[in-house]
Amino acid sequence: MNMLIKPTPWDTAALGMATWELSEYSEAALQLAAKTVGHHTLKLDPLTDKRPLHEYGFYYCDTLIEPYCNTTRLRSLFHPEVTVSKSVDPMLALEICHGAFEHGRFHRDFNLSREAADLRYDNWLKQLLTAEQVYGLYWRKELAGFIAYSGNNLLLHAVAATYRGQGLSKYWWSAVCSELLAAGCDEVKSSISASNLAVLNLYTSLGFSFNHPQDVYHRVTK
């Protein structure tokens, strides 16, 4: 396949169709996507001219932004009954994960089923659990959520509905970020939907700044 578009097999496994990501924003890549069966993703600068996207049948799904922080700026917080650990019960973590990502671009895509979108995140968490790249978030020794990571990047995180809105997340995030920075990372970063105000406010409260905004567009070619 022409490398103007690249296959994304992890998404194919969940969505039940061929999935692709465009490697560049060009007429040639848009033409290829229009001729290649499957689900296509393109991420680009928000100020880029979007007219060609609409002409080729792409539609807006989300805007992603990148929170980032270092040791100097991170607000370190502690709560005696809040802990984090890489010892995580996979079944409990998956229960928390399932259905937790309503702000995700796959959930907001009207061409995809909720079940397929949920499966996409469930599969991703399974892979990260197998790779032992998941911190369990504990409240009084009960699993309340998780943060999955790779290197210095917080890839996937969720808190069980029971524990949301109680002001606890800042302690969990502070603890995980502190561990990653202590392990030698120069900074910690993530990628979040600009529509997820709860998470945006959480990162702001911990001293994170934001950069690299990206608009995300999808297309389904049949």
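We did not get these values from a lab; they are worked out from the coordinates using the rules stated. Since we're looking at a predicted model, the values are computed, not measured. Cβ atoms come from the backbone with ideal geometry, glycine included; neighbour counts cover every protein chain shown.
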Checklist entry - What number of residues within the stretch 49-82 satisfy the criterion of being in contact with a strand residue (DSSP E or B) (Cβ under 8 Å, 6 or more places away or on another chain) and surrounded by fewer than 13 Cβ atoms within 10 Å (Cβ to Cβ)? => result 2
Next on the checklist: Considering only residues that are closer than 15 Å to Arg108 by Cβ and among the charged types (D, E, K, R), which ones fall in the stretch 195-222?
Outcome noted: Asp215, Arg219
Checklist entry - Does Leu200 fit the bill of being of a type outside the set (Asp, Glu) and touching an Asp or Glu at 6+ places or on another chain (Cβ under 8 Å)? => result no
Checklist entry - Right, Leu143: surrounded by fewer than 21 Cβ atoms within 10 Å (Cβ to Cβ) and touching a helix residue (DSSP H, G or I) at 6+ places or on another chain (Cβ under 7 Å) or not? => result yes
